[in-house]
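Novice: Got a structure for you, questions after.
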Amino acid sequence: MYQRAILHLDMDAFFASVEIKKNSAFAGLPLLVGGSGGRGVVTSCSYEARRFGIHAGMPMAIALRRCPDARTVRGDYESYEQHSAMVTDIIGEEGPVFEKASIDEFYVDMTGMDRHVGCVKWSGELRQRIMRETGLPISAGLATNKLVSKVRAGEAKPNGSGWVAEGAERTFLSPLPVRKIPSIGAVTARKLSLMGIRRAGTLSQVPVPLLEREFGRMGREFHRRANGIDHRPVVPYSERKSFSSESTFQSDTIDVQFLLRKLRHLTAQLAFDLRKAGKLTARVTVKIRYTDFNTYTRARRIDYTAHDQQLLPLAETLFRDLFTRRQCIRLIGVRFDLLAAGHTQLDLFNDTQENSRLLLAMDRVRKRFGKDAIATA
Ligand SMILES: [Mg+2]
């Protein structure tokens, strides 16, 4: 059916939906996410709030004037990143090449899949799985390119899906206001309107030279888009699955104090890399290799963390469990995996304020002077 098959997935009112999931008392109410101070801006709002003409990017003060009863919440970027990572993981597990276009938008290239499963059926199942496992609404559009699939998903919102058959791209876009075409903003739309061009279908028929005269280089692009033409590829998403580091000794050793120092150093460096990448780990693995090259590993699952406070003692425990043979060791290694996006934050951990401050201060020093600036005691 499709030469190219591109699925666009877009979470509905993403931040607001996460807040509603976290606190069901918000369900069905106009909810605004964003700073509520004098200069706060709405970063996301529920569909109930949109009925009042409120939209993301609007000053909070104006939004509250339009809907004084709206509930407001400051927003918690970390939990949005975590939910985004959940969706990313599900899409990644399902297989094909995909692109993460933003925290809540994805393109999946399903070209060639049709013969096996059927794109429409497969994308429907993927969407259902995301909603089931994350508890969040998401809309989907399937078409032959990124542009049309994105517009189709937008038309399906909230919480819907649809597809545009190959060859029907222009017909699908034609009745839509030009504003619906990505890259045509309010200013361009106003200008087009003054030229008598309000719908994509009209825009698709305007001679390119005329558009170029008005909009420069973008004129041709608007024309192509209005005609549903888009050759942009899906850019594969790649993300580190683990952080690991190991060290081989110049001469094999049985000196436990030396080995523990080495282990703490490796673990602290790796934890620093983890924090710098904005990640948390849920599994620590320690590896040792004896003189005879026999290699052993031990791993333990933990709650998501990037704190030295939790990682250093755990690595040490794993090492002591492993190091049972009275034999020299030639290599020691540490690995963190089962990663999630997230930043070490005070309120997330049962930790004293002093410890967290110390940790942050150490990271600042490391950032300025390099990783080796601090040897952990
Ligand atoms: Mg969205």
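The values are calculated or read from the model by the stated rules, or taken from the named source; none is laboratory data. Everything numeric in this text was worked out from a predicted model, so none of it was measured. A quick note on method: Cβ atoms are made from the backbone with ideal geometry, for glycine too, and the neighbour counts reach across all protein chains shown. Protein only, heavy atoms only, side chains kept; ligands, DNA and RNA dropped before computing areas. Shrake-Rupley method; radii C 1.70, N 1.55, O 1.52, S 1.80 Å.
Novice: Keeping every protein chain present and rolling a 1.4 Å probe, give me the accessible area per residue for the range 171-226 in Å².
Specialist: Computed with neighbouring chains in place, this is 58 Å² per residue.
Novice: Where does helix 77-94 land angle-wise versus the long Cα axis of the chain, in degrees 0 to 90, nearest 10?
Specialist: That helix lies at roughly 90 degrees to the long axis.
Novice: Determine the gain in length on full extension of the stretch residue 295-residue 249; use 0.36 nm per residue of separation and subtract their C-alpha separation, reporting nm with one decimal.
Specialist: Stretched out fully, the residue 295 to residue 249 stretch lengthens by 15.1 nm.
Novice: Mind checking which of 124, 107, 58 is farthest towards the positive end of the range 1-142's charge dipole, using Cβ charges of +1 (Lys, Arg) and -1 (Asp, Glu) about the Cα centre?
Specialist: So the residue we want is 58.
Novice: Identify all lysines with a Cα-Cα distance to residue 287 below 29 Å; exclude those on the same chain that are fewer than 8 residues away in sequence.
Specialist: Leaving aside lysines fewer than 8 places away in the same chain, those within reach of residue 287 are 241, 262, 276, 279, 367, 371.
Novice: Please give the solvent-accessible surface of residue 97 in Å², to the nearest 10, using a probe radius of 1.4 Å with every protein chain present.
Specialist: 70
Novice: Another question, then. Is it possible to state the helix-based mean residue ellipticity at 222 nm for the chain, with each DSSP H run of 4+ residues giving -39500 (n - 2.57), the sum divided by total residues, to the nearest 500 deg cm²/dmol? What is it?
Specialist: Helices in the chain give a 222 nm mean residue ellipticity of -12500 deg cm²/dmol.
Novice: Against the longest principal axis of the chain, how steep is helix 308-322, in degrees 0 to 90 to the nearest 10, with axes from Cα atoms?
Specialist: On a 0 to 90 degree scale, this one is about 50.
Novice: Of 228, 188, 3, whose Cα points farthest to the positive end of the dipole of the chain (charges on the beta-carbon: +1 Lys, Arg; -1 Asp, Glu; origin at the Cα centre)?
Specialist: 188
Novice: Give, in nm to one decimal, the length gained when the segment between residue 261 and residue 195 is fully stretched (0.36 nm per residue of separation minus the Cα-Cα distance).
Specialist: Contour length minus the Cα-Cα distance gives 16.5 nm.
Novice: Give the carbon-plus-sulfur fraction of the accessible surface of the chain in %, rounded to a whole number; probe 1.4 Å, heavy atoms of protein chains only.
Specialist: 50
Novice: Additional query: Which aspartates and glutamates does residue 180 reach when only Cα atoms under 19 Å apart count, and residues fewer than 8 places away in its own chain are ignored?
Specialist: Qualifying aspartates and glutamates at Cα under 19 Å: 10, 12, 104, 105, 155, 169, 221, 230.
Novice: Which order do 302, 229 take when ranked by solvent-accessible area (1.4 Å probe, heavy atoms of all protein chains), largest first?
Specialist: Largest accessible area first, the residues go 229, 302.
Novice: Need one value: the accessible area of residue 22 in square angstrom, 1.4 angstrom probe, rounded to the nearest 10.
Specialist: 100
Novice: Full extension from residue 93 to residue 179: what is 0.36 nm times the residue separation minus their Cα-Cα distance, to one decimal in nm?
Specialist: Length gained, residue 93 through residue 179: 27.5 nm.
Novice: Counting Lys and Arg as +1 and Asp and Glu as -1, each charge on the Cβ, what is the dipole of the chain about the Cα centre in debye, to the nearest 20?
Specialist: Using only the charged Cβ atoms, the result is roughly 760 debye.
Novice: Hey, another quick one. Please state the Cα pair-distance histogram of the chain with 20 angstrom bins from zero: what percent is in each bin?
Specialist: So the P(r) values, bin by bin, are 23, 44, 27, 6, 0.
Novice: Compute the helix-to-body angle for 119-134: its Cα long axis versus the longest principal axis of the chain, expressed 0 to 90° and rounded to tens.
Specialist: 50
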